[in-house]
Structures are given as C-alpha cells and as structure tokens.
Amino acid sequence: MMTLQLSGYAPSRVDARRAAELRPLVEHFNIEYCAVLDSGHIEEWPRFFAEDCIYRITARENAELDMPVGLVYAEGRPMLHDRAVAISRTQMFAPRTMTHLLSAPRIVGEEGQEIWAQCNYVLLQTLVEGPTTLHLAGTYHDRFVRDGDELLLRERQVIHESSVIANDLVYPV
Amino acid sequence: MYKNQEILDYTVGAKNRPADDYAWPADDHLIPDWVYTSQSVYEREMERIFKGRSWNFVALEAEIPNPGDYKRSYVGPVPVVVSRADDGSIHVFENRCAHRGAEFCRSSRGHAKEFVCPYHQWSYDLKGNLQGIPFKRGVNKQGGMPREFRNEDHGLLKLRVTTRHGVVFASYSADVEPLEEYLTPEILKDFDVVFPGKPLRILGYYKNELPCNWKMYHENLKDPYHATLLHSFLVVFGLLVAGNDSAMIADPVHHRHGTMASAKKEDKYAAVSEENKKEMRSFHDGMRLQDDRFLEFVKEFDSPWSVTMQTIWPNLVVQREMNTLGVRQIVPNGPHSMLMIWTMFGYEDDTPEMTRHRLRQGNLMGPAGFLGLEDNEAMKFVQEGVRRSSLDTNVVKLDAGNVGTATSLISEAAIRGMYRYYREVMGWEKA
C-alpha cells in the first residue's frame, strides 16, 4: 500500500484540470474543519474523520527521520472522541482561543476513492492577558475518502515546523 | 532565546536580589520564592550544580550508534556536542569554537568525519582535539600563528563522560563520584528496569519550552500529592488513585534523586471510595473511554510497579508510564524558563504491535499528553504566581517532620529532602 510522503518533494500525480475540480471539495472541508476547532466545539471534531482513521501531530524533525512518535497519535475515530471529551470536560488548562489560517490545498494524487492532498496552516493562540502568538505552523498531509458528496479524513498527518512548542498543545490542529 | 512572547514580564524586586542577600527560612517546611525568581541565584545554580559535582544526561547511545555520529545537546544551559569517535568511544565537548567562540555545530544530529567551524575553518577531530588551522604559518612568510602556538592547548572544552546501559552522562567535575555511586542502589534499581542494557529503538522527539523554573519540574515529580488531584485522567481511569500501592522513593544519601512509583490495579477503571471521592474534585464518576486499548498494561518488566517516574539530579527524568518510555532532558533557560527535550523509545525487539501500543499510550505524556499538558499549565501558573505576588514562601508541610522517602502519597517529604541538599550545595545559612 502506498503511504503518505511526509518529507521531501514529489510532483503532483494529477493534472491541473483535475486538481482544479478537486480543490474546492478539499478546501471546503478544511475550512469547515478549522471553523469547528476555532469556535471551540471540540467534541464535533471527530466527525470529520472516517471510522478507521489515523491522526497524528508530529514535528518535521520526526517526519524527516521517519520516526513514528506523535504529540497526538490516534488510531480510529473512538480515540479522537476520547481525546475530544477529555479536553472539553476533564482537562485543566488556562483558557485560550485558537485561530487557524490555511493555504489553498495542494492536490497530490487521486487513488481510487481517495484524494491525497496537502495544506499549509498557521495556528495562532491567544491566552488571557497574553499576546496572540504563532503557536504552530506546518503542513497537513491528508488522505480523504468520499462519503457521498462529502469527504472524510482517512488520515491526517499534522507536521509542524516549529521545533520548540510554547509550553503545551491543548487543542487538536 | 526561546522565551515565549509575553506581555507581563515583571519580577518583584525583593525576589530578584543577589544570592548573598538571602537567608534560608528557619523552618524546613517552607521554600522561599526567590529560589525560582532570582537571576543571581540561577547563576549560582549553574556553577555549583550543573557545572559542579554532578552527572548530566546528554544522550542515549542509540542516537549515535556508529563512529562519526553526533548530536547537539546541553549541560545546564551550555550547548554541547556528543560525538562517537572512530574507536567507538563517546566524547562530549562544548559547542564553541576555541578560536572566536562560534557555536559551530548547527544540526540536531548527523554524521561527520570531523567538525569544522564555518567561520575560519578551524577543524576538530571527533574527540574535540584541534586538528587544523588554515594559514597557520601565514602567507609568503607573513602573518600566521606565533611559533609557540600549540594545537593541543586550543582544543574544544571537553567534559568527562560516563555511560550506563546505553545512557550517556557528562560532567564538568574532575572529582564527581562514579555514576553508580552518584545514583545510589535505590535509584539504580528502577533505572535498570527501563535500561537493562538491551538495545533501544528511538521512536522520536518532542521539545517544548516551559515558562517555569527548572527545579519545579523536579518538584512536580517528587510531589505524589498532585498526581491524584490535578490529573483527572489518572483518577477517572484508575491509573492512580489515593489508595493504590505506591511509593515516593528518595535516594538515601542526598535526597536529590527520586522515584515516584505506583502499581495499577487489575481493573481498568478505578474503584474509589465515597470518602475519597469527596476529596477529589476532579473525579468524574462513570466516565468511560470508547477505545481503552491505551490503558492496557503489557507486563514487560520484572517490577512491582506499573509506573516509575525518576528524577535524576540535575537534568534528567526517566519516564516509564506503563509501556510508554522516554527520557526528558531539562535545559535551564534563565530563572523563568526551561527547555524540555523528550526522547521517546522502545526496544529493538519490540513487535510492530508493541511499538503501536507504546505510541498510543504516548498520548498520556508529552506537551499534548493528557497528563503532560496539565503539569505544564500548573507549573506556569506557579512561576507567574511567585514572580508577581506579595507573599513570598511556598508551604510544604504535608507529612511534616519526615524528609526524603515517603510511604504515603499525601506527602511533601521528598521535596523537602531535595531542598535540604540544594541549600547545602548553594551555601545558605538558615535564618
């Protein structure tokens, strides 16, 4: 089975016309995904994923060394659900708001029912009486699967450039 | 260098005086705020503790398996390079060119035949000896180094190195005791459970900056009291509740190292008595996970404990949280900040499924871990609190009178033990 390429460069496997057809679907998905996170409705977040999904957040350093560790490492939507519930109901942390800024998605390939894509993100964090800071920046590496007219994530690898994280990462990216 | 952007960045003047202006509180059950906030105290710590008679963690051998492999690291806040020479020996030297001071090694890790400072291309071998100086004899018999210049007098600043079962330590001290004696048998016992000498497999890295004093991280892991209160995750899912078999072990010589240990009950979820529930605000009755695979404990160690968190003075934490293993290196960064560099690992002989289990369980720890992030938040709150407030002492009276090892989780004896040693090394008289 082919796996997502998390470092280095490989040319897109779809032509410009096909990429232009797929890009709005992916873009719509990503905008809605981030709207849920930025509004703080964390328990809604797992519904963007397929049941048998992979979700991982890891540093570019790990991706380049082909190391498997994740700041968050989840196999399957139930694990995402558990994380969302833990964060929204049980965890202790200072109140904060998050804002995602996204680039246009890059369509990397189309494999059967799957769309492979990338998207750069910037994640801003704002604490009480703190400045708005650049908390994380990097790239989503995604495998989408079609679900009727919509998409679901079968895999989202969140690679972050920022090598030293300011204190912690509370919410999903 | 790595400080978060802050708006409120102020320390009360009385808490930032010269170290000699302070006296230690007469009562051993109090810790003065200035140990966390004074720049002068911090500088004395760097000299007497990190550069003093201590062994500092710098690397795992699995990170530099072959001759020529190297990694950047730190001893205290000082950048060092850990390198493996052609004869297989490991060397640690400051990351500062002996010529004009450039921090010459810029990659986190890599492989090299020699180290060359990019500024004037002075070159050093893998043991830190000065090899070559361009134009050492000048050009056309003009310029160049004086006749008496000897390369061997101008190598990189080298540290002493020792290893145990694949863990590499370095020291500035010429007379620090051997590592085994430094750690004591009580601490070695659980250290050797994680590091029995079998080959490790590195699973990856986390790095974060905690806006708190470096000692708070030691204290947090010598404070079993917080674990059942702050960490609802532990409590809800029965990983640690007041009443589990547990221990807070301090090394019997100086109380500077510690092992916080607990044994998980067979049931996945906790049974908590009505009496204890009332004491624990974070307890959520009836919470269940949809996927509880990551609470599984594969009994892979010959140890009564399912969890051991070891603090090894002054800069190492060894994490064995059930099956998720890691070392955390503390890099002090001024009184108000520290870097934490996490290296997560398993063993070479792990099955692919065991590796995935370790990765899943890794969600408990790290900068986004269910436990990790709460600790980081709490310590940030403490640093902000002690810097800007009027009160000036921390109260550590639980299990009063006892110092060092504690049999109860509701104890601050290990914290008091650490500070008894700290006060002696730092040279303060009691008020």
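So what is Rg over Rh here for the protein assembly as shown, counting just Cα atoms and using Kirkwood for Rh? Could the numbers behind the result be given before it?
Working: Rg = 25.5 Å, Rh = 25.9 Å.
Rounded to two decimals, Rg over Rh is 0.98.
Say the dipole of chain B comes from +1 at the beta carbon of Lys and Arg and -1 at that of Asp and Glu; which of B:427, B:200, B:64 then lies farthest toward its positive end?
With unit charges placed on the Cβ atoms, the residue in question is B:64.
Chain A: percent of C-alpha pairs farther apart than 27 Å?
Details: 3370 of 14878 pairs.
Counting every Cα pair in chain A, those more than 27 Å apart make up 23 percent.
So for region B:93-187, considering every pair of alpha-carbon atoms, how many percent are separated by more than 19 Å? Can you show the working numbers first?
Numbers: 2431 of 4465 pairs.
So the pairs more than 19 Å apart make up 54 percent of the total in region B:93-187.
Given a 1.4 Å probe and the protein chains all in place, what does the accessible area of residue B:136 round to, in Å² to the nearest 10?
Rounded to the nearest 10, that gives 50 Å².
Looking at region B:379-416, which trypsin sites (Lys or Arg not before Pro) are in a loop (DSSP not H, G, I, E or B) and have at most 13 other Cβ atoms within 10 Å? Could the numbers behind the result be given before it?
Details: sites: B:380, B:387, B:388, B:397, B:416; in loops: B:397.
Listed in order of number, the matching sites are B:397.
Roughly how crowded by other chains is peptide A:158-170, in terms of the mean Cβ count from those chains within 10 Å of each of its Cβ atoms? Walk me through the numbers on the way to the answer.
Values: counts 0, 0, 0, 0, 1, 6, 11, 10, 11, 13, 13, 9, 6.
Partner Cβ neighbours, averaged per residue: 6.
If we sort B:187-194, A:135-142, B:210-217 on the protection proxy, mean other Cβ atoms within 10 Å, highest first, what's the order?
Values: B:187-194: 19.2, A:135-142: 21.8, B:210-217: 23.8.
In descending order of packing, they fall as B:210-217, A:135-142, B:187-194.
I'd like to compare B:363-370, B:296-303, B:43-50: which one has the highest average count of other Cβ atoms within 10 Å, and what's the full order after that?
Values: B:363-370: 24.8, B:296-303: 13.1, B:43-50: 18.2.
Top to bottom by mean Cβ count within 10 Å: B:363-370, B:43-50, B:296-303.
Would you mind giving the average projected area, over all directions, of the Cα convex hull of region B:284-386 in nm² with one decimal? Don't skip to the answer; put the middle values down first.
On the way: hull surface 35.4 nm².
One quarter of the hull surface, i.e. the mean projection, equals 8.9 nm².
Project the alpha carbons of region B:1-95 onto their principal axes and report the range along each, largest first, in whole Å.
Principal extents (largest minus smallest coordinate, Cα): 53, 35, 21 Å.
D for region B:60-116, whole µm²/s, Stokes-Einstein with Kirkwood Rh over alpha-carbon pairs at 20 °C and 1.002 mPa s: what number? Mind dumping the intermediate values first?
Values: Rh = 11.5 Å.
Answer from the Stokes-Einstein relation: 187 µm²/s.
With a Förster radius of 22 Å, plug the Cβ-Cβ distance of residue B:147 and residue B:43 into 1/(1 + (r/R0)^6) and report the FRET value to the nearest 0.05.
Values: r = 39 Å, r/R0 = 1.78.
For R0 = 22 Å, the calculated efficiency reads 0.05.
Could you compute the FRET efficiency for residue B:162 and residue B:389, with r as their C-beta to C-beta distance and R0 at 41 Å, rounded to 0.05?
On the way: r = 42 Å, r/R0 = 1.02.
The computed FRET efficiency comes out at 0.45.
What per residue convex hull volume, in Å³, comes out for region B:332-431 when only alpha-carbon positions are used? Show your work: numbers first, answer last.
On the way: hull volume 18.2 nm³, N = 100.
Roughly 182 Å³ of hull volume per residue.
Work out the length of the dipole vector of region B:103-181 about its Cα centre, built from +1 on the beta-carbon of each Lys and Arg and -1 on the beta-carbon of each Asp and Glu, and round it to the nearest 20 debye. Numbers along the way, then the final one.
Details: 12 positive and 10 negative charges, 121 e Å.
Magnitude of the dipole: close to 580 debye.
What pairs from B:15/B:51; B:222/B:397; B:222/B:430; B:51/B:127; B:207/B:380 go past 18 Å between their alpha carbons? Could you put the intermediate results ahead of the total?
Working: B:15/B:51 24 Å; B:222/B:397 14 Å; B:222/B:430 23 Å; B:51/B:127 20 Å; B:207/B:380 16 Å.
Over 18 Å Cα-Cα: B:15/B:51; B:222/B:430; B:51/B:127.
Given the -39500 (n - 2.57) contribution per DSSP H run of 4+ residues, what per-residue ellipticity at 222 nm results for the protein assembly as shown, rounded to the nearest 500 deg cm²/dmol?
Details: 14 runs with 127 residues, N = 604.
Calculated mean residue ellipticity at 222 nm is -6000 deg cm²/dmol.
For the pair residue A:20 and residue B:263, what calculated FRET efficiency results from E = 1/(1 + (r/R0)^6), where r is the Cβ-Cβ distance and R0 = 60 Å, to the nearest 0.05?
Details: r = 59 Å, r/R0 = 0.99.
Efficiency at R0 = 60 Å is approximately 0.50.
Using the alpha-carbon centroid of each, what span in Å lies between region B:97-128 and region B:49-76?
16
What cysteines in chain B have no other cysteine with a beta carbon less than 4.7 Å from their beta carbon?
Within chain B, the cysteines lacking a partner Cβ under 4.7 Å are B:105, B:212.
Could you give P(r) for chain B, binned at 10 Å from zero, as whole percent values over all Cα-Cα pairs?
Per 10 Å bin, starting at 0, the Cα pair percentages come out as 4, 20, 29, 25, 14, 5, 2, 1, 0.
What are the principal axis extents of the Cα atoms in region A:91-170, in Å, biggest first?
For region A:91-170, the Cα extents along the three principal axes come out at 48, 24, 18 Å.
Might you report the magnitude of the Cβ-based charge dipole of chain B about its Cα centre, with Lys and Arg at +1 and Asp and Glu at -1, to the nearest 20 debye? Can you show the working numbers first?
Details: 53 positive and 59 negative charges, 310 e Å.
Dipole of chain B, to the nearest 20 debye: 1480 debye.
Among A:155, A:64, A:27, which one shows the biggest mean-square fluctuation in a GNM of chain A, springs joining Cα atoms closer than 10 Å?
Among A:155, A:64, A:27, the largest mean-square fluctuation in the Gaussian network model of chain A belongs to A:64.
On each of the three principal axes of the Cα atoms of region B:12-54, give max minus min coordinate, whole Å, ordered largest first.
Answer, in whole Å and largest first: 27, 24, 15 Å.
Using a Gaussian network model of chain B whose springs link C-alpha atoms within less than 10 Å, name the residue from B:70, B:225, B:36 with the highest mean-square fluctuation.
Highest fluctuation among the options: B:225.
The values are calculated or read from the model by the stated rules, or taken from the named source; none is laboratory data. Everything quoted here is computed from the prediction, not taken from an experiment. Every residue, glycine among them, receives a Cβ derived from its backbone with ideal geometry; neighbour counts consider all protein chains shown. When the accessible area is computed, the model is the full protein with side chains, heavy atoms only, and any ligands, DNA or RNA have been set aside. Shrake-Rupley method; radii C 1.70, N 1.55, O 1.52, S 1.80 Å.
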